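Worksheet: one structure, shown below.
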Amino acid sequence: MNAPQLDALVASAPEGVEFDDLSVSGEGPYTVSIAGDSHEVDEPGLREVAGENPWFVSNWYYWTRVVGAGGARYDFLRWVERADERDVSERYEALSTGVSRTWGQLLITAELGEDGKRRYALRHVENAEESGLEPYDDPLDARELVKHDDRGRYRPLSTAPTLPTGWEFPDLSGEDLVRAVDFVYPATVANWHRERQGELDVTHFRETAERQSGIYEIVSQLSVEELEAAAEACCVDSQCLKRRMWDEDEETELDVDRGSGEFPCREPCSLFITAARKFVTLGREETRAYEFELTPTEKEQVEGIVDAVAEGRVEEVREADLNEGANRYRARYLRARRMTEEGLSGTPTYPEDQER
Amino acid sequence: MQALVIVGHGSHLNPGSSAPTFSHADTIRETGVFDEVREAFWKEEPSFREVLRTLESDEVYVVPLFISEGYFTERVIPRELRLEGWDASAWDSPDGVSATHATLRASDVEKAVHYCGPVGTHDAMSDVIVRRAETVTGDPEVGEGFGLAVVGHGTERNANSAKAIEYHAERLREAGRFDEVRALFMDEEPEVDDVTEHFESTNIVVVPLFIADGFHTREDIPEDMGLTDDYREGYEVPTEVDGHRIWYSGAVGTEALMADVVLERAAEAGADVGESIERIRAGDAGVAGD
Ligand code: SF4
């Protein structure tokens, strides 16, 4: 607490202060109550009582004057320091060594700053214990920082669990923290806040599909079975950290795990719609019977390759691990042995074209 | 409080596609005239669907970083922003190049949304094309002895896309600074492939009216014009083709002065932009371009 904070408290008394276990009212004499302990005091007395409880004053000042009560940012910053779980003393105690929360793959740490204000640090959860990270202070830098994953690949979906590591914002104000989080995971704070207010507006798949135009118009043709498979392909925790709150429509829940993310997904995203469009065109094809010659191990190898690609494990398969079906030498060997110009096992994809 | 939202196309495949939107937003942020400046995209995040809810301001100016009126600006963007009662006639642009702005409400937020016409059809865009020609030639006086080609995509889904190109070509021709001015296209006549046949001037500045540098501006157009056989090998500026010297500029949308057009659009819709337009014109409001 500092002098201006104390002055602000005295000045606010006439209109009444009521915040986190601190209440002050009156125009002198004043009624001041801190953590249930109530006094009738004159102004020097008010200053004295407040001076003995500096945390309560700085806490009031921080939340009402620095952050500004109400709204998504306020709610989010309160959540970060677990304001609804701990009283002021417990919180200040915890903040003196740092309180951490995860938000997707982000680790947010709140600490006490100057005069009871807060300072926030932001980094990848995997870098929790690390020092020597690349430091940043401008939230705008987050846009470029998260554009590529650690393998250098472009991340078109912000909430894919591929957030790059190695950077940190060591000292952000509350406002800048929320801006940085919003650049990393756009609109997640706003939608999380709406959800907590019981006001999350969910647009389900059918409604989203109906709205599409141009080349995306066809996504409404996706059957419910295909939609289930699409959600399983794109929206589960291993692919996206949002918690899927949309379903086929209001009545028809999808039988796919929603995910355990902190923040909700309120509508199929543009990447999902783009994928859905492809899935519709795939679904238009009739199946055919093909006859292949493969050994049992080769069949398992094909399955292993599909699995490895689907799980994003291809890069992990060791160069010399010949027991892995998705090993490159094994895949090349399979291709050399079983694939000809006609296709797998010499079976043409379109036999009718061959006959012509 | 007033906010500016610059809406761009973005891409799921090309990370550079959002770069001009970011850089113009940064330039405007530095002027400090808006309480909030936000980018939003069709194919990236924040999406058009979510951007308005991330703002605290109740007056929002939305400027599309698109070249022409048509499918995206008249249909996709207003629909995705949930602009209630939107109708393209609100822009009063029967010729497809005269859109101004319309004030509407979005159905998911309590805000007034001033929806502006695209940057590409604003008169100030002609100045950006000229600035681009100055930048690529390194000559602030460029004009005499030079031909200027304004290049567009040409017909696809949007008939208005050619109109924006022709509109600026006509304005620039009337301004008389360049010896010759032509509108050329990738996919319709007159084609950019035959650029040298359309000019008598030895020096030709070629400015593609595209927002971001990508496949078309980096690969197709340089190859089509014969600047290089393979874009990966690059090309010189200028490059000699059939006895002409071609000064190829890349996408006009990456020019720093574009931020000025965005501000012009917002100001015309009622935003208080102070002196910022003059400052950007004078080139002292931060850096942009990519
Ligand atoms: S639609 Fe699926 S992939 Fe897209 S943001 Fe929501 S949960 Fe993630």
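The values are calculated or read from the model by the stated rules, or taken from the named source; none is laboratory data. All values derive from a computational prediction rather than experimental measurement. All Cβ positions, glycine included, derive from the backbone under ideal geometry; neighbour counts span all protein chains shown. These area figures cover heavy atoms from the full protein model, side chains too; ligands, DNA and RNA do not enter into them. Shrake-Rupley method; radii C 1.70, N 1.55, O 1.52, S 1.80 Å.
Can B:THR217 be described as in contact with a Phe, Trp or Tyr (Cβ under 6 Å, 6 or more places away or on another chain) and either surrounded by 15 or more Cβ atoms within 10 Å (Cβ to Cβ) or within 17 Å of B:ILE129 (Cα to Cα) (or both)? Considered against the rule, which asks whether it is in contact with a Phe, Trp or Tyr (Cβ under 6 Å, 6 or more places away or on another chain) and either surrounded by 15 or more Cβ atoms within 10 Å (Cβ to Cβ) or within 17 Å of B:ILE129 (Cα to Cα) (or both), B:THR217 comes out as yes. Of everything in segment B:220-251 that is part of a helix (DSSP H, G or I) and touching a Phe, Trp or Tyr at 6+ places or on another chain (Cβ under 7 Å), the residue that is least open to solvent (accessible area, probe 1.4 Å) is B:PRO222. Summed over segment A:1-37, residues that are without any contact (Cβ under 8 Å) to a residue 24 or more places away in the chain and assigned to a loop (DSSP other than H, G, I, E, B) total 6.
When the residues of segment B:23-69 are filtered to those that are within 10 Å of chain A (Cβ to nearest Cβ), within 24 Å of B:GLU278 (Cβ to Cβ) and assigned to a helix (DSSP H, G or I), the one that is farthest from the chain's Cα centre (by Cα) is B:ARG29. One residue is enough: does segment A:98-105 have a residue meeting the conditions more than 14 Å from chain B (Cβ to nearest Cβ) and within 16 Å of the ligand (Cβ to nearest atom)? Within segment A:98-105, one or more residues are more than 14 Å from chain B (Cβ to nearest Cβ) and within 16 Å of the ligand (Cβ to nearest atom).
When each of A:VAL280, A:VAL302, A:VAL309, A:VAL314 is tested for being away from the ligand (no atom under 13 Å from the Cβ), of a type outside the set (Gly, Ala, Ser) and open to solvent by 80 Å² or more (accessible area, probe 1.4 Å), the lone residue that passes is A:VAL309. For segment A:211-218, the count of residues that are of a type in the set (Gly, Ala, Ser), at pLDDT below 95, over 30 Å from A:VAL66 (Cα atoms) and open to solvent by 10 Å² or more (accessible area, probe 1.4 Å) is nonzero.
Contact map, segment A:250-264: first residue touching a residue at least 40 places away in the same chain (Cβ under 8 Å), second residue among the hydroxyl-bearing types (Ser, Thr, Tyr), Cβ cut-off under 9 Å, separation 6 or more or different chains; pairs are A:GLY261/A:THR159; A:GLY261/A:THR188; A:GLU262/A:THR102; A:GLU262/A:THR188; A:PHE263/A:THR159; A:PHE263/A:TYR185; A:PHE263/A:THR188; A:PRO264/A:THR188. In segment A:139-177, the residue that is nearest to the other protein chains (Cβ to nearest Cβ) out of those that are part of a helix (DSSP H, G or I) and open to solvent by less than 20 Å² (accessible area, probe 1.4 Å) is A:ALA142. For segment A:230-251, residues that are more than 10 Å from the ligand (Cβ to nearest atom) and closer than 21 Å to A:ARG313 by Cβ total 2. Among residues of segment A:100-128 being under 30 Å from A:ASP7 (Cβ atoms) and not charged (D, E, K, R), the one that is most open to solvent (accessible area, probe 1.4 Å) is A:LEU112. Would you point out the residue of segment B:142-191, among those that are in a loop (DSSP other than H, G, I, E, B) and at pLDDT 95 or above, that is least open to solvent (accessible area, probe 1.4 Å)? By that ranking, first place goes to B:PHE178. Condition check for A:SER213 on (1) touching a Cys at 6+ places or on another chain (Cβ under 7 Å); (2) without any contact (Cβ under 8 Å) to a residue 24 or more places away in the chain: one failure, at (1).
Among the conditions (1) touching a strand residue (DSSP E or B) at 6+ places or on another chain (Cβ under 8 Å); (2) open to solvent by 20 Å² or more (accessible area, probe 1.4 Å); (3) touching a residue at least 60 places away in the same chain (Cβ under 8 Å); (4) part of a loop (DSSP other than H, G, I, E, B), the only one that B:PHE72 does not satisfy is (4). Taking the residues in segment A:195-210 that are without any contact (Cβ under 8 Å) to a residue 12 or more places away in the chain and within 14 Å of chain B (Cβ to nearest Cβ) as candidates, determine which candidate is nearest to B:ASN158 (Cα to Cα). It comes out as A:GLU210.
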